[in-house]
1. Would you work out which of Val233, Val261, Asn103 lies farthest towards the positive end of the dipole of the chain, given +1 charges on the beta-carbon of Lys and Arg and -1 on that of Asp and Glu, about the Cα centre?
2. Placing +1 on the Cβ of each Lys and Arg and -1 on the Cβ of each Asp and Glu in the stretch 2-295, which of Pro135, Trp192, Ala145 has its Cα farthest towards the positive end of the resulting dipole?
3. For the chain, compute the number of Lys pairs whose alpha carbons are separated by less than 27 Å, excluding pairs fewer than 8 positions apart on the same chain.
4. In square nanometres and to one decimal, what's the mean projected area of the convex hull around the Cα atoms of the stretch 57-169?
5. Which value, in debye to the nearest 20, describes the size of the charge dipole of the stretch 104-185 about its Cα centre when Lys and Arg Cβ atoms bear +1, Asp and Glu Cβ atoms bear -1, and nothing else is charged?
6. Stretched out fully, how many nm does the piece from Lys71 to Ala117 gain, at 0.36 nm a residue minus the Cα gap?
7. Multiply the residue gap between Thr101 and Asp203 by 0.36 nm, knock off their C-alpha separation, and tell me the result in nm, one decimal place.
8. Average projected area of the Cα convex hull of the stretch 126-199, in nm²?
Amino acid sequence: MTLSPRPDTEDGLTLKFWGVRGSTPVSGPDYTEFGGNTPCLEIRCGERLFLIDAGSGLNACGRHHRDGLPKEIDLLFSHLHLDHTAGLPFFKPVVLDPSRTINTYCGNLDGASAGTALDRLFSPPLFPVSLDVIPCTFAHHGFRAGERLTFADGATVDTIPLNHPQGSVGYRFEHAGRRLCVISDIEHSDPWPDTTLLEFVRDADLVVYDGMFTEGEYPVCRGWGHSTWQKGVELAEAAGVKALAIIHLHPCHTDTMLLSVEADMQAVMPTAFIARERQTIAVGEPMRSAPALALARTA
């Protein structure tokens with residue numbers, strides 16, 4: 001895969017990371033390489049846009065694109081924990097434009113939409129205003145994880161339920177002969193890999209995977225709903241996945257630590273890497289060398 005501000009083909013499948021940190025945003029000199037915003041991913045199937053999650057990275061996404069985003073935004077939630085939702089009212093300038101609609105899709109509430117939960121979160125005394133006073137229109141859609149999503153323009157996205165407190169949803173995008181799977185937030189099972197997940201990600205060009213913990217940290221964090229890069233590599237190798245990106249980075253893991261972890265991971269799987277904020281990937285394109293990955297953050 002290549003990392004570039006503009007992928008070579010406008011018809012390809014591309015991914016941009018706007019936030020890769022888990023639990024809480026972080027900042028400071030120890031977080032300049034990988035970034036400190038919580039999850040937000042921009043996926044384009046040709047010109048067709050999808051966003052996954054509304055963490056603090058959503059603000060940077062909106063400010064970057066400004067008026068270049070479509071009038072209707074399809075925002076797919078993995079789940080509704082704060083690190084995946086708190087950026088929603090700060091998606092400027094989209095939320096300030098009365099001509100725009102944000103369609104949210106939520107699949108971990110047994111078919112219910114995110115509307116009730118988001119209205120509860122974004123209202124006094126937890127938030128100064130309610131969503132209904134924000135100029136844009138919010139349209140909330142519920143589904144059950146495991147169903148295929150079909151959109152009005154004929155686009156489809158496959159989904160899978162993931163092991164996480166209150167549930168989470170994984171997504172699979174297929175376009176132009178390429179396959180991208182986003183698998184976060186998830187805690188690995190025993191035995192591993194899970195056979196259903198194995199088939200879901202099989203032969204993917206890229207899997208984005210939750211690697212929040214080290215193997216040393218995981219035993220005392222069992223049940224928290226997160227995994228390790230080692231389990232991501234096991235899944236990728238068993239499923240014939242071509243490349244692996246680790247996200248949901250622990251807020252205490254500094255650049256120095258993550259660069260060391262990435263080196264260990266690439267010694268096992270050379271096409272694996274730790275995702276960096278503002279990194280743009282042309283899914284399925286030839287992989288650059290490991291040093292290039294470390295230098296390829298884009299503006």
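No lab work stands behind these numbers, since they all come straight from the coordinates. None of these values were measured; they are calculated from a predicted model. Here the Cβ positions follow ideal geometry from the backbone for every residue, glycine too, while neighbour counts run over all protein chains shown.
1. Asn103
2. Pro135
3. 6
4. Mean projected area for the stretch 57-169: 7.2 nm², to one decimal.
5. The dipole magnitude comes to about 200 debye.
6. Working: separation 46, 0.36 × 46 = 16.56 nm, distance 2.42 nm.
Difference between extended and current length: 14.1 nm.
7. Here the segment from Thr101 to Asp203 would lengthen by 33.3 nm.
8. For the stretch 126-199, averaging the hull's shadow over all directions gives 7.8 nm².
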